[in-house]
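The values are calculated or read from the model by the stated rules, or taken from the named source; none is laboratory data. Fair warning: this is a prediction, and the values are worked out from it, not measured in the lab. As a convention, Cβ positions derive from the backbone with ideal geometry for all residues, glycine included, and neighbour counts pool all protein chains shown.
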Amino acid sequence: MRQRDEPLTSEDLTVCDEVLQRITEKHAINDHNTTVHLASIIIEIYRQGVHDTEQLALLAGASCEAMLEMRQLGPSSDPAPLQASGRKYQGVGKRQDGSS
């Protein structure tokens with residue numbers, strides 16, 4: 001059985017819960033959905049072999065910060081489409097003005 005498929009023990013869950021509590025307090029996370037998402041990230045990192053609480057908190061904390069930052073940016077911050085020479089391309093080798 002792969003490590004990922006093995007059930008977590010109560011000791012494993014205690015470590016993950018400790019890290020979850022630390023991160024939710026640090027970032028003042030009260031939202032249930034965000035907490036559940038963060039818990040799944042912590043468990044996934046733990047199952048990948050990171051069992052040291054400091055390392056786990058560091059990695060999960062970085063993921064949490066990125067997730068929170070993305071949520072703050074919202075959908076209006078989508079990157080602009082790629083353009084070449086200031087002209088948008090339509091299809092392979094064709095510019096908007098019809099030239100190649």
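Select from region 31-56 the residues that are in contact with a helix residue (DSSP H, G or I) (Cβ under 8 Å, 6 or more places away or on another chain) and either of a type in the set (Lys, Arg) or over 22 Å from Asp5 (Cα atoms) (or both) and list them in ascending order.
Matches in region 31-56: Thr34, Thr35, Arg47.
For region 54-67, check the following and say yes or no: at least one residue is under 28 Å from the mean Cα position of the chain (by Cα), in a loop (DSSP other than H, G, I, E, B) and either at pLDDT 50 or above or surrounded by 11 or more Cβ atoms within 10 Å (Cβ to Cβ) (or both). Scanning region 54-67 turns up no residue that is under 28 Å from the mean Cα position of the chain (by Cα), in a loop (DSSP other than H, G, I, E, B) and either at pLDDT 50 or above or surrounded by 11 or more Cβ atoms within 10 Å (Cβ to Cβ) (or both). Considering Leu38, Leu8, the condition of being closer than 18 Å to Met70 by Cβ and touching a residue at least 24 places away in the same chain (Cβ under 8 Å) is satisfied by Leu38 alone.
For region 1-21, the set of residues classified as modelled with pLDDT of 95 or more and either among the acidic types (Asp, Glu) or crowded, with 16+ Cβ neighbours inside 10 Å (or both) consists of Glu11, Asp12, Val15, Cys16, Asp17, Glu18, Val19, Leu20, listed by residue number.
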